[in-house]
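Remarks on the structure that follows.
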Amino acid sequence: MGIAALLGLALPLVMAGGAIAAWRMTRKEAKRDEEPALWRDDSLDDWRRERDAAAETERIARSQAGANPTGEAKEETATKKHQRIGG
Amino acid sequence: MPKLGFISRLLGDSNEKELGRIWKIVDEINDFAAELAGLPDDALSAKTGEFKSRLAEDEDLDDLLPEAFAVAREMAARKVGERPYDVQLIGSVVLHEGRIAEMKTGEGKTLTAVAPVYLNALLGRGTHVITVNDYLARRDAAWYGPVYHALGMSVGIVQTNNISFVYDPEYKPGEGSGGGYELLRPCERRDVYQADITYGTNNEFGFDYLRDNMAPSIEQKVQRDLYFAIVDEVDNILIDEARTPLIISGNAEEASGTYMAFAHAVRTLVEEEDYQVDHKAKHVALTEEGIEKLERVMRIPNLFGQDSRLVRHLEAALDAEVLKRIDRDYVVKDGEIIIVDEFTGRLMPGRRWSHGIHQAVEAKEGLRVQRESITYATITFQNLFRLYEKLAGMTGTAETEAEEFHKIYKLEVVVIPTNRPMIRKDLSDVVYINERSKFNAVVAEIEELNAAGRPVLVGTTSIEKSEYLSSLLTRKGIAHNVLNAKQHEREANIILDAGQRSAVTIATNMAGRGTDIKLGPEVPSLGGLHVIGTERHESRRIDNQLRGRSGRQGDPGSSRFFVSFGDDIMKRFAPEWVPGMMQKLGMTEEMPLESRMVTRAIEQAQQKVEGYNFDVRKRLVEFDDVINEHRTIIYGEREKILRGADTRANVVGLLIDELESLLRDANTSSYDSLEVLQGELREILQVEDLPSIDEMEQLGSELADEILDRAEDRFEQIEGAVGAENMRKVEHWLLLETIDYHWREHLTAIEDLRQSVGLQAYAQIDPLVAFKREGYDMFQQLQENIRRQVARTVFKVRLVEQPAPSTVPAPTANTSGVNGNLGPVEGENEPKMYPAVPRATAPPAAALRTNRDEVATATRAPGSQKIGRNDPCFCGSGKKYKRCHGA
């Protein structure tokens, strides 16, 4: 068997091996991307959830009470405000 | 100043060297003590006249310093019973020399300022003492007023909403007296600035500067040239507050419903899946999935398409939803979002976040979304305070920011020794695995100290954390007080009790700077006040301010910070794997880390954040410096006009320049070109002066001379018809109106440029360089626009005779000269001539506002200084005067 025949057999094998290695690497990377952050302090999550729920209830109440996206009266009398923090 | 360990030891501490030099001056001051103590009051008072005469001759302030300081010290001892200690005089010398005196809590900064204020006021150029709020300005002026008064110095106080007082020992407020307070007589704003010494807040000095540069006449300017200012709590004002420029603005377009739509849409997003948070940069970045989800929810095919406003709304909504948290960054009060100051823990009514973020938070909270605004005048504190010829400051915490003070303000920091040695024990930080274990440990420590009778002050970083800790203590049955921006009505009483036996006080940063906690009688023997910090702040100064509540004036005390891997500062700088690894190594909730090494590591992390924040502020200044150059030129031109510069030459010059520029560009041999030229000239010249195209062709090369002659003739003809005096008024008004209008436009345009110029970085161009280049072009355009408008308006002005008003009109805060009476009022009961030309876009004066909780255009009317029953109370409670101190 000549060198050419040897190469003819080995090359597809090498190429297949390379492809498998590349596929495994990308899979590993994708898996790493999917992984959540290594560590997160969740010790006060319950408390936060309670507060968030209470805040959400207040938001809904404000929206329903018409803390009024369309109201105009207040605009006229407002004497403060304007702008800006953060340059 | 950076500490360079062994080099400092080798060469000697520069601070110590400075103190050594100043001690010699203090010895000189002390040499006068015996002589002055023997003088009667009137002879001591007469020293002021003597000093002024010596200044008028050959001497300068430094020559007078030892004796003048000794006089001020003696007078303070006699009038208010406070004789500055020698270490306070060191601080006084530092202030006079235009530097920063770092003095620990309770060392008497306010008294330290008296001598340098007196010395510098001898020049008669006005000395300003800048405080952080109105109450302190009034309190300090009234307290030391007797000293200055006895020394022949006048004292004024500027307050929010254009309220002004002068110190008057005879004054008592009463029925029909026009309001005011005991010893503080209401007066005109201008009188306050004419006083030898003026107390006020940084905001008021800044807004008065801006208002003065919007004033339509010189009579309405109130400030003199800015000579010398001593800034109390200098790090708070020149560093923390310096992130926010002062802005006077008016309403812009109606707020868009888009804010609401985005607020609802971003609520559907999930962290890590749809967006990621960069804690260090405080930035939220959407993922591809997040973008797709939003486009689906909002039914927008491409968020990043043609309408760039969508991106702005999106960024604002993400910021509001993810980064801004209720009871930490803001509270909702009376249907409004009120920002909580990160450094002081106090509410900042009237202040708003920029770039639509405030509107986005309003939408998030289901509140009415307010309009956006247009800037009319703005300046950063950095550039405001650079206007002072001499600047000095005092605070308890400056050294960590010495580099910034030096680089931005050219201010050196000198650390003043305490009168008595400081014996507070600052214990090492204790690090817990998570927040729950940290707070449990805090409660355990409070319980132990409480049982021993020691008072404890616990600092929290937010309102919500103070409420959480309060709930834990309540569960344990430990009596305590809570002081935060939501519960501040009893602030004075809480602070009064905080140093008493077994007192437990939970407070946000409100109990930091400026809070003087005095110990109860038996408390020193128990070990004094113990301060607990429940989190490290980004800035070491804020931590040091909290620690500083303990150990004042040589009292015993101690402090300790509890931190956890869940804290913001740790999240930003400890690598994510550290807490995970600690857990794997067996660290439990009950097992804290405690060592000096950990404390040092945390401080290094803080130094990094401080450096990062310094860079942000430095960048802000670098950008503002570009606008500052423009502002200096425009305000300079305004000033010349107000001071009666030759307005005729100015207006005629601009008219001729504009005509020449049009004529230069025209080709007299081309019909088309002449047609265009005629169109342009029609906008400037009166119809009878406008040549026909045939005429223009015939004139050929003499066309320019002919047009210029006609324009000048017409100007003279109008001047002859209305009278030179009226014509000067017209010119004065026209120039101011045009400059103001185009300056406002320029501010808006350059702000837009600043927002967008960051994208240049993608093209490998430094955004600052691009900003300078494009800013310069825009300024050229501004000057051209002014010339163009003056030329196009001058022949269109008509004078309208109006009946004289029955009473003198309210003086016009009408700073930008808009929609108000524009002509000067000279006498009563005779018709006045007012220019009457259509004006473009200026809003009514009443619509102007500041970004610091006051009406920008509050009238400078006589008698307006009385606090109305419905006005906000001076104490800053946010309540109406009638329901607070006026009750």
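Before moving on, here are some points about what is shown:
- The set of residues in segment B:515-534 being closer than 20 Å to B:Ser462 by Cβ and modelled with pLDDT under 95 consists of B:Thr515 alone.
- Single condition B:Arg325 does not satisfy, out of (1) within 10 Å of chain A (Cβ to nearest Cβ); (2) closer than 18 Å to B:Gln370 by Cβ: (2)
- Tally of residues being in a helix (DSSP H, G or I), within 16 Å of B:Gly533 (Cβ to Cβ) and away from chain A (no Cβ under 14 Å) across segment B:564-595: 0
- Output for segment B:361-399, where each listed residue is of a type outside the set (Ser, Thr, Tyr), away from chain A (no Cβ under 13 Å) and either in contact with a Ser or Thr (Cβ under 7 Å, 6 or more places away or on another chain) or closer than 30 Å to B:Glu745 by Cα (or both): B:Leu384, B:Phe385, B:Arg386, B:Leu387, B:Met394, B:Gly396
Residues checked against (1) in contact with a helix residue (DSSP H, G or I) (Cβ under 6 Å, 6 or more places away or on another chain); (2) assigned to a helix (DSSP H, G or I):
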{"residue": "B:Val609", "(1), (2)": "no, yes"}
{"residue": "B:Ala645", "(1), (2)": "no, no"}
{"residue": "B:Ser669", "(1), (2)": "no, no"}
{"residue": "B:Met696", "(1), (2)": "yes, yes"}
{"residue": "B:Glu706", "(1), (2)": "yes, yes"}
{"residue": "B:Asp713", "(1), (2)": "no, yes"}
{"residue": "B:Glu716", "(1), (2)": "no, yes"}
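- Filtered by the rule that a residue be at pLDDT below 90 and among the small types (Gly, Ala, Ser), segment B:346-372 gives B:Gly350, B:Ser354, B:Gly356.
- Contact map, segment B:774-797: first residue over 14 Å from B:Arg744 (Cβ atoms), second residue of a type in the set (S, T, N, Q), Cβ cut-off under 6 Å, separation 6 or more or different chains; pairs are B:Val790/B:Thr738; B:Phe795/B:Gln686.
Per-residue answers, yes or no, for (1) acidic (Asp, Glu); (2) within 26 Å of B:Gly145 (Cα to Cα):
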{"position": "B:Leu183", "(1), (2)": "no, yes"}
{"position": "B:Glu188", "(1), (2)": "yes, yes"}
{"position": "B:Ile197", "(1), (2)": "no, yes"}
{"position": "B:Asn202", "(1), (2)": "no, yes"}
{"position": "B:Ile218", "(1), (2)": "no, no"}
{"position": "B:Lys221", "(1), (2)": "no, yes"}
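- For B:Val430, the conditions (1) within 14 Å of chain A (Cβ to nearest Cβ); (2) touching a Phe, Trp or Tyr at 6+ places or on another chain (Cβ under 6 Å) all hold with the exception of (1).
- In the condition set (1) small (Gly, Ala, Ser); (2) within 20 Å of B:Ser559 (Cα to Cα); (3) within 14 Å of another protein chain (Cβ to nearest Cβ); (4) surrounded by fewer than 24 Cβ atoms within 10 Å (Cβ to Cβ), B:Ser471 is compliant with all but (2).
- Sole residue being modelled with pLDDT of 90 or more and closer than 30 Å to B:Asp212 by Cβ, chosen from B:Ile291, B:Ile230: B:Ile230
- Assessment of segment B:158-179 against the conditions (out of contact with any Leu (no Cβ under 8 Å at 6 or more places or on another chain), surrounded by 20 or more Cβ atoms within 10 Å (Cβ to Cβ) and within 25 Å of B:Leu65 (Cα to Cα)) yields no matching residue.
- Test: residue in segment B:518-534 that is under 26 Å from B:Asp568 (Cα atoms), crowded, with 21+ Cβ neighbours inside 10 Å and of a type in the set (A, V, I, L, M): yes
- In summary, strands (runs of 3 or more DSSP E) completely within segment B:417-484 and bearing 1 or more residues that are touching a Pro at 6+ places or on another chain (Cβ under 9 Å) occur at B:430-432.
- In segment B:340-349, the residue that is farthest from the other protein chains (Cβ to nearest Cβ) out of those that are surrounded by fewer than 22 Cβ atoms within 10 Å (Cβ to Cβ) and touching an Asp or Glu at 6+ places or on another chain (Cβ under 9 Å) is B:Phe343.
- Some residue of segment B:264-279 being touching a His at 6+ places or on another chain (Cβ under 9 Å) and assigned to a loop (DSSP other than H, G, I, E, B): no
- Pairs meeting the criteria (first residue in segment B:571-583 and aromatic (Phe, Trp, Tyr), second residue in a helix (DSSP H, G or I), beta carbons under 6 Å, at least 6 apart or on different chains) are B:Phe573/B:Ala605.
- Members of segment B:487-503 found to be at pLDDT 90 or above, surrounded by fewer than 20 Cβ atoms within 10 Å (Cβ to Cβ) and within 33 Å of the chain's Cα centre (by Cα), listed by number: B:Asn493, B:Leu496, B:Asp497
- Condition met for B:Ala113 (in contact with a Ser or Thr (Cβ under 6 Å, 6 or more places away or on another chain) and crowded, with 18+ Cβ neighbours inside 10 Å): no
- Residue satisfying all of: in segment B:474-486; over 36 Å from the mean Cα position of the chain (by Cα) and touching a residue at least 12 places away in the same chain (Cβ under 8 Å); surrounded by the fewest Cβ atoms within 10 Å (Cβ to Cβ) among these: B:Ala479
- Of the residues contained in segment B:760-769, one or more are found to be part of a helix (DSSP H, G or I), touching a helix residue (DSSP H, G or I) at 6+ places or on another chain (Cβ under 9 Å) and within 14 Å of another protein chain (Cβ to nearest Cβ).
- Filtering segment B:644-659 to residues that are among the polar types (S, T, N, Q) and surrounded by 20 or more Cβ atoms within 10 Å (Cβ to Cβ) leaves only B:Thr647.
- Among the residues of segment B:727-754, those identified as surrounded by 13 or more Cβ atoms within 10 Å (Cβ to Cβ) and farther than 25 Å from B:Ala215 by Cβ are B:Leu753, B:Arg754.
- Scan of segment B:500-525 for residues that are within 25 Å of B:Lys438 (Cα to Cα) and not in a loop (DSSP other than H, G, I, E, B), ordered by number: B:Val504, B:Thr505, B:Ile506, B:Ala507, B:Asn509, B:Met510, B:Ala511
- Residue selected from segment B:285-338 under the condition among the small types (Gly, Ala, Ser) and crowded, with 19+ Cβ neighbours inside 10 Å, by the criterion nearest to B:His488 (Cα to Cα): B:Ala320
- Looking at segment B:15-129, the helices (runs of 4 or more DSSP H) lying wholly inside it that each contain 2 or more residues that are among the hydrophobic types (A, V, I, L, M, F, W, C) sit at B:41-45, B:47-56, B:61-80, B:86-96, B:114-121.
The values are calculated or read from the model by the stated rules, or taken from the named source; none is laboratory data. Keep in mind the model is a prediction, meaning the values are calculated, not measured. So basically every Cβ, Gly included, is an ideal-geometry build from the backbone, and we count neighbours across all protein chains shown.
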